[in-house]
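Visitor: One structure, pasted below without further comment.
The values are calculated or read from the model by the stated rules, or taken from the named source; none is laboratory data. Bear in mind that the values here come from a model prediction, so they are computed numbers and not experimental data. Glycine also receives a Cβ, built like all others from the backbone with ideal geometry; neighbour counts cover every protein chain displayed.
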4 protein chains.
Amino acid sequence: MDTINKLTERFSQFPGIGPRQAKRFVYFLLTRNKNFSEELSQLLLEIKNDVSVCTSCFHFFNETTSSTKECAICSNQNRNTDTLMVVHRDADFENIERSGVYNGLYFIIGGTVPLLEKNPEQRVRSKELSTLVESRASQNKLKEVVFAFSVNPDGENTRIYTEGVLAPVIKKYSLKTSTLGRGLSTGTELEYPDIETIKSAFINRQ
Amino acid sequence: MDTINKLTERFSQFPGIGPRQAKRFVYFLLTRNKNFSEELSQLLLEIKNDVSVCTSCFHFFNETTSSTKECAICSNQNRNTDTLMVVHRDADFENIERSGVYNGLYFIIGGTVPLLEKNPEQRVRSKELSTLVESRASQNKLKEVVFAFSVNPDGENTRIYTEGVLAPVIKKYSLKTSTLGRGLSTGTELEYPDIETIKSAFINRQ
Amino acid sequence: MDTINKLTERFSQFPGIGPRQAKRFVYFLLTRNKNFSEELSQLLLEIKNDVSVCTSCFHFFNETTSSTKECAICSNQNRNTDTLMVVHRDADFENIERSGVYNGLYFIIGGTVPLLEKNPEQRVRSKELSTLVESRASQNKLKEVVFAFSVNPDGENTRIYTEGVLAPVIKKYSLKTSTLGRGLSTGTELEYPDIETIKSAFINRQ
Amino acid sequence: MDTINKLTERFSQFPGIGPRQAKRFVYFLLTRNKNFSEELSQLLLEIKNDVSVCTSCFHFFNETTSSTKECAICSNQNRNTDTLMVVHRDADFENIERSGVYNGLYFIIGGTVPLLEKNPEQRVRSKELSTLVESRASQNKLKEVVFAFSVNPDGENTRIYTEGVLAPVIKKYSLKTSTLGRGLSTGTELEYPDIETIKSAFINRQ
């Protein structure tokens, strides 16, 4: 296989990219000047060295921006440590953080647990979460675990599995658990929402 | 203009129907047996006679299913009269009623008030709503008005206008007003929602 | 069932209309003045009387616009009778006629023959087409039959079946048969078309 | 700016990729093992060295697969040199070549000429095309130039401009020019095509 096809195959493994768009990426690179590809090549080498996984929340972060093994949020003294929000992926974390409405800590569980999954412990970092929750709760630093998962069957299944794994430590330290509230999203017309959404929207009226 | 084109033109005034689909409706009718068109023709005459507008909530209803001038909901003794939910249209009312989560009364305001509208009183039944609220509140039969409008700028503007019109009577009888709760709708992944939605979802966590 | 639901059910039988849009049609009619429904009701009665099926091409047409049993096209002396274009439905006929590029005659075969259909003769007017072709060819009035069917498997199957039924008369009078040309449609970028389309486009280059 | 954001910014310059998907690419790379990024990094360096632009048709090709300065098609003795097909981009060339219906030569003109463009010569390789056509025609090796451009206003404008530039040499050597044929594309129902498409489909019937 020649370089064009090798690179096309590589790009077609990127999330959401088919062979056609992968080929288009290759042609795009070929029409850029040499610097563009060289800098991209360099960044690809650097990123694996520069970026670490936070030992506390498992969020990817640039080590150069932090001297500790913990990310900027976990090591920030001004965050409210009472609340720990558990999300599927870094992208979820980023969107919530961007909104600026949450000042607590996070935990990136690293995936979803599909319905009927036989080895859920291989899909998500449930043990690591359990250890973190135990550690913080035993220091009186945690009061509530918020599950911020996708609003679909796999997200719900992830919550059920994770809550099960946490059950002993939740009970031991009398922690509160919660899930994000359902309701009307931006753009909704009342003609369309399902029962669950209308119910939550009515209960959460203000 | 011949009958085919006359009927096409008529159907193309139906909501969401362009001339092409209107013509398809005509051909559809031509390929049905004569009974189909005759029954449809008859129903069109009957509906204007059989259906009334409820004098209380302005919902369309079949008179034959009710002996009073009020619809089945307004005249139902088992509904909770403490709460009045104001919606744009009958279709909104129907979806909420279908969900089964609400047992109070409704008011169909009959439209939306677009931003910058100069004659909002011609767009929605704000006077009729004000009269109803005054009448029920004066009989101690109403405690809360719920605005269940579209979650978009026109829906928000409808709420602002309507709340302004109701302000004197709201104050006089110390009524509560509310809007349906924002939050995560079915299918949401946390990577995408806007600030307002995330904020509400966090506040309304449970 | 009350009138609102009866009429909703009727509209939801219209092509492409689900129960939700059908209900919207009913509310639309209820908010129009009485005249609108009455005129529509009247048109529905008239159309079955005013409109005939052309005895030659099976196209629906307003009798009032023609004194014969044939439609305006079949009875037009200026049309080129050498060519007969066979289409699925009236809507196809209309679009081709609207384009103004064809001056021959038509035949509405009335449907498609799906793959694996066991009773194709009940799906399309193949006998009537055969009779018409025989009649015109025997008077030396026909030279070519053009199949203008959908470019998909069912359209292709309709052509195969119809051509089979016509085979004896095609042979007897040495008629030509043809199908519409494949090629690049408006908006095409050359990155996307399938082999068949590219092949035809290259052969039919001009 | 840290490495994560630098790489995100780079990816968001890729065709069709917004900042959100670019960030997703970065997280995807971070969750792969180190080899994946290293190989990708290496390929990005190699591609600029391995891939050349054909001096004849301007198609990108791997030098390692060819010992000459011309691509495998231009240097293939079995291709029919009578016909030269001019396309916008490499992706167009690839799709036509994949179809296997064309055995002539190509020329990648490198872009489109938008309507009202003031410097069309900076958008497409019209001079290089003119030189190639002159050179081949003078050796009696070329009879027809096929314009295979997008079927839209910019594609048509590209043809008009290119044909103008070529006019002297076309005339001098009495070359034929052609454009790919219009007609029904796969999936078409006859109810929808525009006049131009129906006209071509009828003329090109077979």
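Visitor: Is at least one residue of the stretch C:177-194 of a type in the set (V, I, T), within 27 Å of D:E94 (Cβ to Cβ) and in contact with a Gly (Cβ under 7 Å, 6 or more places away or on another chain)?
Guide: Within the stretch C:177-194 (the criterion being of a type in the set (V, I, T), within 27 Å of D:E94 (Cβ to Cβ) and in contact with a Gly (Cβ under 7 Å, 6 or more places away or on another chain)), the answer is no, since none of the residues qualifies.
Visitor: If you don't mind, another one. Are any residues in the stretch C:55-107 outside the structural domain of C:R125 (by TED's automatic domain parsing) and hydrophobic (A, V, I, L, M, F, W, C), and if so, which ones?
Guide: Correct list: C:C57, C:F58, C:F60, C:F61, C:C71, C:A72, C:I73, C:C74.
Visitor: Can you name the condition, by its number, that A:S200 falls short on among (1) at pLDDT 95 or above; (2) in contact with a Lys or Arg (Cβ under 7 Å, 6 or more places away or on another chain); (3) surrounded by 21 or more Cβ atoms within 10 Å (Cβ to Cβ); (4) not hydrophobic (A, V, I, L, M, F, W, C)?
Guide: (1)
Visitor: Looking only at residues in the stretch B:59-92 that are of a type in the set (D, E) and over 22 Å from B:G111 (Cα atoms), which one is modelled with the highest pLDDT?
Guide: B:D82
Visitor: One residue is enough: does the stretch C:15-29 have a residue meeting the conditions under 14 Å from B:I17 (Cβ atoms), within 20 Å of the chain's Cα centre (by Cα) and not assigned by TED's automatic domain parsing to the domain that holds C:V86?
Guide: Scanning the stretch C:15-29 turns up at least one residue that is under 14 Å from B:I17 (Cβ atoms), within 20 Å of the chain's Cα centre (by Cα) and not assigned by TED's automatic domain parsing to the domain that holds C:V86.
Visitor: Can you tell me how many residues within the stretch A:171-193 are surrounded by 14 or more Cβ atoms within 10 Å (Cβ to Cβ) and either touching a Ser or Thr at 6+ places or on another chain (Cβ under 6 Å) or under 22 Å from B:T177 (Cβ atoms) (or both)?
Guide: 9
Visitor: Of all residues in the stretch A:1-33, how many are out of contact with any Gly (no Cβ under 8 Å at 6 or more places or on another chain) and either hydrophobic (A, V, I, L, M, F, W, C) or not in a helix (DSSP H, G or I) (or both)?
Guide: Qualifying residue count for the region: 19.
Visitor: Here is a follow-up. Go through (1) modelled with pLDDT of 95 or more; (2) in contact with a helix residue (DSSP H, G or I) (Cβ under 6 Å, 6 or more places away or on another chain); (3) within 14 Å of chain B (Cβ to nearest Cβ); (4) surrounded by fewer than 22 Cβ atoms within 10 Å (Cβ to Cβ) for A:E134 and report which single condition fails.
Guide: (3)
Visitor: Given the structure, is A:R24 surrounded by 14 or more Cβ atoms within 10 Å (Cβ to Cβ), away from chain B (no Cβ under 14 Å) and of a type in the set (K, R)?
Guide: So A:R24 passes the test.
Visitor: Can you name the number of the only condition in (1) out of contact with any helix residue (DSSP H, G or I) (no Cβ under 9 Å at 6 or more places or on another chain); (2) under 13 Å from B:L84 (Cα atoms); (3) in contact (Cβ under 8 Å) with a residue 60 or more places away in the chain; (4) within 13 Å of another protein chain (Cβ to nearest Cβ) that B:N103 fails?
Guide: Failed condition: (3).
Visitor: Taking the residues in the stretch C:184-205 that are touching a strand residue (DSSP E or B) at 6+ places or on another chain (Cβ under 6 Å) and of a type in the set (G, A, S) as candidates, determine which candidate is nearest to the other protein chains (Cβ to nearest Cβ).
Guide: C:A201
Visitor: Ok, one more. I need a count of the residues in the stretch C:34-67 that are facing another protein chain (nearest Cβ under 9 Å) and either surrounded by fewer than 18 Cβ atoms within 10 Å (Cβ to Cβ) or in a helix (DSSP H, G or I) (or both).
Guide: Number of matching residues: 19.
Visitor: Please determine, by comparing only the residues of the stretch C:1-20 that are surrounded by 19 or more Cβ atoms within 10 Å (Cβ to Cβ) and of a type in the set (S, T, N, Q), which one is modelled with the highest pLDDT.
Guide: C:T8
Matching residues to (1) of a type in the set (V, I, T); (2) without any contact (Cβ under 8 Å) to a residue 12 or more places away in the chain; (3) within 28 Å of B:D50 (Cα to Cα):
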| site | (1), (2), (3) |
| --- | --- |
| C:T8 | yes, no, yes |
| C:F28 | no, yes, yes |
| C:T55 | yes, no, no |
| C:F58 | no, no, no |
| C:S75 | no, yes, no |
| C:I96 | yes, no, no |
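Visitor: Among the residues of the stretch A:149-174, which ones are under 15 Å from A:S130 (Cβ atoms), over 22 Å from the mean Cα position of the chain (by Cα) and not β-branched (V, I, T)?
Guide: Residues satisfying the conditions are A:P168, A:K171, A:K172, A:Y173.
Visitor: Any idea which of A:T112, A:T83 is surrounded by 14 or more Cβ atoms within 10 Å (Cβ to Cβ) and in contact (Cβ under 8 Å) with a residue 60 or more places away in the chain?
Guide: Just one listed residue meets the conditions, A:T83.
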